[in-house]
Amino acid sequence: MISGASVAGPALAYWLHRYGFHVTVVERAADLRPGGQAIDVRGPAIEVARRMGVLDELRDHATDLRGMSVLDADGNETHRSTEATASGGFLHRDDVEILRDDLARILVRAGGPGIEYVFGDSIAELHDGPDEIRVRFTGGQERAFDIVVGADGVHSNTRALAFGPQERYLWPLAGHLGVWTAPNFLGLDRWQLVHRTGDQVAWGALVMSVRKNTELRVYVGLNGLDHDDPALRDRESQKKLIAERFAHARWEMPRLLSTMWDAPDFHFDAGAQIHMDTWSNGRVVLVGDAGYCGSPASGQGSSMALVGAYVLAGQLKAAGGDHRAAFAGYERELRPWVTANQALADRMIDQAEQQDAQADREEDADDSLPAAVDDSYYAVVDDFTVRDY
């Protein structure tokens, strides 16, 4: 059983079903969740998508951006690039930037009707035994499985049940990020705008056209918030906080903020990573953000999820279903690459802060973005070989 139907869960379900395992995916939401960031499929994840037969479809749904502009507080363009974007990196590469919800739908369809999806339910209890693991769901049903996989994100319920409280594993990083969908009233044509407000707390926004220019994805960034503030866990309170902090922002920010209130896919969370000594406990194993979230700052969360799903399924196939051997092989093969990719987040944050400090000191400072996406970044991204199982 797999808990979570975003990226890692459906990808793992695809490979396990292909290898002859019976797979059930349970998802707390009533259907596939809308919204989320534009995410990147890079390096070895491109090869995984190719082997799944979905790469062409991913490209058909790509953001397909032509470039980006950086704007000052009044909306004046201070920098323009047709070589890279802040969200996707270098445009000359074979990478695919795609909306998270589009990627999830493609992965679920690729798995086919042989995979059981259960929506509107979640795990309430896990009882691990010598021959099976029994699961009681919040809906009251009880079922037995050979293994349970937590693919339910950075705030994984599966991880909490099998490994203990989130506080043991979550490492907060700088900043909070809000994301939602808006109409393309700016008329952007495969283009991205980075708006810098000049405020140290409400530092700015990123706006990009998506879905053949029919929509915008709006991102806003806030610094200096208390990660433990319980008010930040309530959606309406999050929206009010964003509106208050950006109340004095100029350019098109008032219109963009007005679209936030009724956005059906509003999401807000802190930058964070998950660090664990082991990704498995008995018959429970974690994949993707649940086990090793890199945070949006790394730009590698979805690629790690796709590659992680491929490796975990491959190890289960190679071990003939022996979960102990498979879980050990999964960590042995994947952990060095995951660790290197997680380290990219700190580097990205540090270099962005240095760039902001330079911009504050010097009027003519280079305002280009992304700050730390260069050849050495991609050397880490590409440093994994997708082998056959």
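Quick note: the coordinates plus some simple rules give every number you see, no bench work behind them. Computed from a prediction, not measured in an experiment: that's the story for all the values here. So basically every Cβ, Gly included, is an ideal-geometry build from the backbone, and we count neighbours across all protein chains shown.
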For the chain, what is the calculated [θ] at 222 nm in deg cm²/dmol (nearest 500), taking -39500 (n - 2.57) for each run of four or more DSSP H residues and dividing by its residue count? -10500 deg cm²/dmol
Rounded if a/c under 1.5, otherwise prolate or oblate - the range 135-265, Cα gyration tensor axes: prolate
Under a point spin-label approximation (7 Å from Cα along Cα-to-Cβ), what is the ALA30-ASP322 distance to one decimal in nm? 4.7
Would you mind counting up the charge near GLY120? Only other residues with Cβ under 13 Å from its Cβ, with Lys and Arg at +1 and Asp and Glu at -1. -1
With r as the distance between the Cβ atoms of ASP94 and ARG168 and R0 = 30 Å, compute the FRET efficiency 1/(1 + (r/R0)^6) and round to 0.05. 0.20
Find the eigenvalues of the gyration tensor of the Cα atoms of the range 259-315, then list the square roots of 5 times those eigenvalues as equivalent ellipsoid semi-axes, largest first, in whole angstrom. 27, 13, 12
Order of HIS127, HIS176, HIS61, HIS79 from fewest to most other C-beta atoms within 10 Å? HIS127, HIS79, HIS61, HIS176
Using the Karplus curve 6.51 cos²θ - 1.76 cosθ + 1.60 with θ = phi - 60°, what ³J(HN,Hα) values do you get for each residue of the range 288-303, in whole Hz, with x for Gly and Pro? x, 4, 4, x, 7, 3, x, 6, x, 5, 6, x, 10, x, 6, 5
Net charge of Cβ neighbours under 14 Å - reference ARG33; Lys, Arg +1; Asp, Glu -1: -4
Fraction of alpha-carbon pairs over 26 Å apart in the chain - percent: 52
HN-Hα J couplings of the range 121-127 from phi, Karplus 6.51/-1.76/1.60, θ = phi - 60°, integer Hz, Gly and Pro as x? 8, 7, 7, 9, 8, 10, 10
Theoretical gain in end-to-end length, ASP199 to ARG387 [0.36 nm per residue, Cα-Cα removed]: 63.0 nm
Specify which residue in the list VAL381, HIS61, GLN315 is farthest towards the positive end of the charge dipole of the chain, using unit charges on the beta carbon of Lys, Arg (+1) and Asp, Glu (-1), about the Cα centre. GLN315
Can you run phi through the Karplus equation (6.51, -1.76, 1.60; θ = phi - 60°) for the range 211-226 and list ³J(HN,Hα) in whole Hz, with x for Gly and Pro? 6, 6, 6, 7, 9, 10, 9, 10, 10, 10, x, 10, 10, x, 7, 7
From the square roots a ≥ b ≥ c of the eigenvalues of the alpha-carbon gyration tensor of the range 71-182, which class results: rounded (a/c under 1.5), prolate (a/b over b/c), or oblate? prolate
Long-range amide H partners of ALA202, meaning residues 5 or more apart or on another chain whose placed amide H is closer than 5 Å, are ASN223
Computed over the range 275-350: relative contact order in percent, which uses C-alpha pairs under 8 Å that are six or more apart: 36
Rank-order 119-125, 81-87 by packing density, defined as the average count of other C-beta atoms within 10 Å over each peptide's residues, highest first. 81-87, 119-125
Could you tell me how far the Cα centroid of the range 156-188 sits from the Cα centroid of the range 9-53, in Å? 19
Residues with amide H under 5 Å of LEU71's amide H, sequence separation 5 or more or different chain, H placed in the peptide plane at 1.01 Å from N; which? THR78, VAL194, HIS195, ARG196
Suppose each label sits 7 Å from its Cα in the direction of the beta carbon; what would the ASN76-GLU116 distance come out to in nanometres? 6.4
For TYR117, what residues show an amide H to amide H distance below 5 Å, using hydrogens built from the backbone and excluding near sequence neighbours? VAL25
